[in-house]
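Any read-out appearing in this document is the output of simple, stated calculations on the displayed coordinates, not a laboratory observation. These numbers were taken from a predicted model, which means no experiment stands behind them. When we count neighbours, we look across all protein chains shown, and the Cβ atoms used for this are built from the backbone with ideal geometry, even at glycine.
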Amino acid sequence: MHSEAVASRSADQRDSPRESRNGNHQLDAVSLAIIQQLQEDGRRPYAAIGKAVGLSEAAVRQRVQKLLDQGVMQIVAVTDPLTVGFRRQAMVGINVEGDVESIADALSAMSEVEYVVMAAGSFDILAEIVCEDDDHLLDVINKRIRALPGVRSTESFVYLKLKKQTYMWGTR
């Protein structure tokens, strides 16, 4: 009986991203394959993706739009900061007194901050910062991050050389 019920549902119902009870989206194999195709080349034509995953161009276009609308993925241009004038990158560990989320929100609003995560361990928050030079980095850390009410301490980890940066983890 169960296999008949599954077989009677349309491919779109069976294979589209669904929201689980905890609010996360459950992605089927086809959606994951589409994401993987776009991670390899964000400009890959929908027709080529469709051929690779076994869907029509229109079905791929619809799936991609749904994934974008649900916030499951973004399609963006990723640059090497060094080639566009940002010579200094650092990860900053931040310890907070009080509300961690309000500090994370304030950091997220800063244009130099590319990545913010609330963490368990030695730091309450980790923030990746991309700056033009050491003076810019010092200004961001000293005058803006440390000046936030509730920031107890910071520790900076200046990047000397970037060995790996990938965005392929979404389909493993």
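Determine which lysines satisfy two conditions relative to Lys66: a Cα distance under 29 Å, and not lying fewer than 8 residues away in the same chain.
Candidates past the 8-residue exclusion: Lys51.
Taking other Cβ within 10 Å of each residue's Cβ, how do Leu67, Leu32 sort, fewest first?
On the way: Leu67 21, Leu32 15.
Ordered by Cβ neighbours within 10 Å, fewest first: Leu32, Leu67.
Show which lysines lie in cross-link reach of Lys143 when reach means a straight Cα distance below 29 angstrom and same-chain residues fewer than eight apart are skipped.
Within the straight-line cut-off, Lys143 pairs with Lys161.
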